[in-house]
1. For the stretch A:18-41, which residues satisfy the criterion of being surrounded by fewer than 18 Cβ atoms within 10 Å (Cβ to Cβ) and within 13 Å of ligand 1 (Cβ to nearest atom)?
2. Restricting attention to the stretch B:162-182, and to residues there that are over 23 Å from residue B:108 (Cα atoms) and open to solvent by 10 Å² or more (accessible area, probe 1.4 Å), which single residue is nearest to the chain's Cα centre (by Cα)?
3. Return the only residue of A:153, A:140, A:123 being in contact with a Cys (Cβ under 8 Å, 6 or more places away or on another chain) and either within 13 Å of ligand 1 (Cβ to nearest atom) or over 20 Å from residue B:86 (Cβ atoms) (or both).
4. Which pairs do you get when a residue that is within 12 Å of another protein chain (Cβ to nearest Cβ), found in the stretch B:57-85, comes within reach of a residue that is in a strand (DSSP E or B) and open to solvent by 10 Å² or more (accessible area, probe 1.4 Å), reach meaning Cβ atoms under 6 angstrom, with the pair 6+ apart or on two chains?
5. From A:50, A:85, A:9, which residue is open to solvent by 20 Å² or more (accessible area, probe 1.4 Å) and not polar (S, T, N, Q)?
6. Of the residues A:77, A:87, A:49, only one is at the interface with chain B (Cβ under 9 Å from one of its Cβ atoms) and within 16 Å of ligand 2 (Cβ to nearest atom); which?
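The values are calculated or read from the model by the stated rules, or taken from the named source; none is laboratory data. Since this is a predicted model, take the numbers as computed values, not measurements. FYI the Cβ positions are ideal-geometry reconstructions off the backbone, even for glycines, and counts take in every protein chain you see. Only protein heavy atoms, including side chains, enter the accessible area calculation; ligands, DNA and RNA are left aside. Shrake-Rupley method; radii C 1.70, N 1.55, O 1.52, S 1.80 Å.
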Amino acid sequence: MTEKLFARPKSLTDVSTHYCPGCHHGIIHRLIAEVIDELDVQDKTIGVAPVGCSVLCYDYFNFDMIEAAHGRAPATATGVKRVHPDAVVFSYQGDGDLAAIGTAEIVHAAARGEKITTVFVNNAIYGMTGGQMAPTTLVNQVTTTSPYGRNPNFTGMPIKMSEMLATLDGAKYIARVAVNNPVNMIKAKKAIKQAFEIQLNGLGFALVEVLSICPTNWGMSPLEAVEWMEKNMVPYYPLGVFKVPEEVAK
Amino acid sequence: MAEKVLMKGNEAIGEAAIVAGCRHYFGYPITPQTELTEYMSRRMPKVDGVFLQAESEVAAINMVYGAAGAGARVMTSSSSPGISLKQEGISYIAGAELPCVIVNMMRGGPGLGSIQPAQGDYFQATKGGGHGDYHNIVLAPNSVQELVDITVLSFDLADQYRNPVMILGDGALGQMMEPAEFHSSNTGLVKKPWAAAGMRGRGKPNIINSLYLQPEALEQHNIHLQRKYALIKENEIRYEEIKTEDAELVLVAYGITSRIARSAMERARAEGMKVGMFRPISLWPFPEQQLAKSAENASALLTLELSAGQMIEDVRLSVGNIKPVHFYGRTGGMMPSPQEIYQEIVNIMNGKGGK
Ligand SMILES: Cc1ncc(C[n+]2csc(CCOP(=O)(O)OP(=O)(O)O)c2C)c(N)n1
Ligand code: SF4
């Protein structure tokens with residue numbers, strides 16, 4: 001038999017990534033690439049990269065890409081989509097990018113019902129700049145700018161972006177997933193696929209938040225990091241689909 | 001033949017953009033350019049174009065970045081405080097070498113300033129404005145007709161050089177009504193094989209980017225940009241000279257100020273004073289050599305601006321220290337009267353010097 005059961009998706013380039021060992025960015029890239037292949041839209045996909053550890057994702061995705069300014073990916077993606085309404089346009093963003101500096105851009109892209117898809121990687125920290133507090137950093141979590149642990153008296157509570165965005169009419173599909181085990185990976189891929197299908201059907205804005213790990217800046221081994229995520233992040237950021245159009249839910 | 005129509009400056013820019021083939025406009029309301037945003041909201045749907053009122057100028061310019069990266073002829077417009085917010089995006093657009101047109105109908109500053117006409121954003125517009133070594137092509141019209149012609153030209157230049165072009169006007173130009181006729185773009189819509197429009201059979205991804213992590217690579221990119229800017233300096237200088245051949249005093253003014261300066265100049269001429277005027281139309285590239293030549297036989301220059309003195313630095317760099325460069329400016333939305341400028345001319349001609 002010559003049938004290949006496990007091959008690199010067409011939508012990924014054949015290079016090794018710069019991500020740290022155990023980092024989930026690579027897995028999430030792969031799931032997106034598989035979905036783009038399965039939907040057979042590689043040739044009309046335009047991705048928008050963020051500023052963050054995944055800034056170089058344009059080197060890993062094998063389709064047209066635009067590298068946006070920090071937090072502005074939803075605005076940039078809006079510009080692209082309005083020029084090519086037939087294209088598949090998505091933004092890939094971290095939690096500093098999407099939930100801090102780019103809050104206005106993501107909220108208004110969702111509010112307009114912009115027909116784009118956003119993959120939001122929540123690792124509760126600023127990875128690229130070396131582990132500073134993010135809006136999603138958990139209470140008491142130690143980072144380089146919350147060295148005594150995040151104190152909600154001064155910094156408020158971590159933002160639940162999915163729950164917040166789900167309140168907007170323009171947002172048609174909002175889900176939170178994780179890629180910490182094979183079962184969750186299958187669910188994550190299904191959610192990402194649905195989020196792209198929402199766009200292909202012209203229904204409106206769709207976002208998938210993926211809980212992710214940053215072993216390097218959390219100061220843990222990849223295994224410890226996964227455990228920490230399950231024990232601390234999942235209870236505060238519950239997994240599930242927050243919003244889905246009836247016709248897709250069935 | 002195109003016929004003349006009476007139009008407000010701001011609206012004329014909008015119509016000229018449409019004539020130039022622009023079908024994507026992203027903006028945010030701010031006085032004194034809001035008529036342009038409103039005009040686009042009326043006109044774009046009629047020509048199958050896209051009008052989008054963004055949540056901020058930051059978002060608007062990043063939408064422009066996306067649309068330009070995707071291959072469109074695209075425009076945004078604002079006034080001073082909004083242009084400050086756009087600087088991040090403009091730097092990215094310059095770095096990624098994307099064509100777009102940005103309109104700044106300047107108002108008084110700094111800060112929230114006023115909504116009256118001013119020219120206080122000259123430094124910001126011509127010296128870069130955002131971070132990094134880059135230049136916008138900056139064009140400064142002084143009539144509604146020129147707003148129209150320069151808007152169309154701006155789209156052509158943006159595409160030709162893959163560079164942002166800024167139209168630097170002011171509140172007065174935006175509000176004034178004058179007849180204008182429209183002529184279509186010279187180059188028309190050009191092919192953009194570099195755009196991120198989806199591969200669509202191309203086989204190889206296009207990437208729009210301004211990140212070069214290796215210092216060697218970023219330096220090469222900067223050298224490439226500087227070569228492009230040198231080419232623009234060589235080819236895209238624009239200016240107007242009026243009665244400079246025999247002038248003892250050369251007035252230097254751009255935009256709305258040049259119209260007031262001209263009235264004062266005509267009056268001085270009528271009274272036998274040898275006064276001429278040099279009007280830079282491209283503020284970047286600045287017509288350095290042309291100004292130096294124009295003022296060769298003059299014994300002094302008088303720079304006139306609606307600012308505390310910004311263009312005067314380029315005027316001084318152009319003519320050197322060999323002759324006095326006087327300055328007269330009003331700020332905060334105050335407009336000098338022709339009488340005021342005439343008085344400055346008289347003072348200088350009488351050897352009493354200007355300010
Ligand atoms: C305007 C601006 N401010 C700050 C930075 C520095 N910066 C780069 S990445 C980053 C945070 C990225 O964190 P996140 O979005 O959570 O992504 P991660 O690296 O964790 O994947 C910051 C603050 C920048 N590049 N631009
Ligand atoms: S710093 Fe964190 S988010 Fe960035 S690549 Fe390493 S593990 Fe991943």
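1. Hits for the stretch A:18-41 are A:18, A:20.
2. The qualifying residue nearest to the chain's Cα centre (by Cα) is B:162.
3. When all the criteria are applied, what remains is A:123.
4. B:67/B:24; B:72/B:24; B:74/B:24
5. That would be A:85, the only listed residue that is open to solvent by 20 Å² or more (accessible area, probe 1.4 Å) and not polar (S, T, N, Q).
6. On the way: A:77 fails: within 16 Å of ligand 2 (Cβ to nearest atom); A:87 fails: within 16 Å of ligand 2 (Cβ to nearest atom).
Only one candidate passes the filter, namely A:49.
Table: residues versus (1) away from ligand 2 (no atom under 16 Å from the Cβ); (2) touching a residue at least 12 places away in the same chain (Cβ under 8 Å); (3) among the basic types (Lys, Arg).
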residue	(1), (2), (3)
A:158	yes, yes, no
A:169	yes, yes, no
A:179	no, yes, no
A:185	yes, yes, no
A:194	yes, yes, no
A:202	yes, yes, no
A:207	yes, yes, no
A:213	no, yes, no
A:220	no, no, no
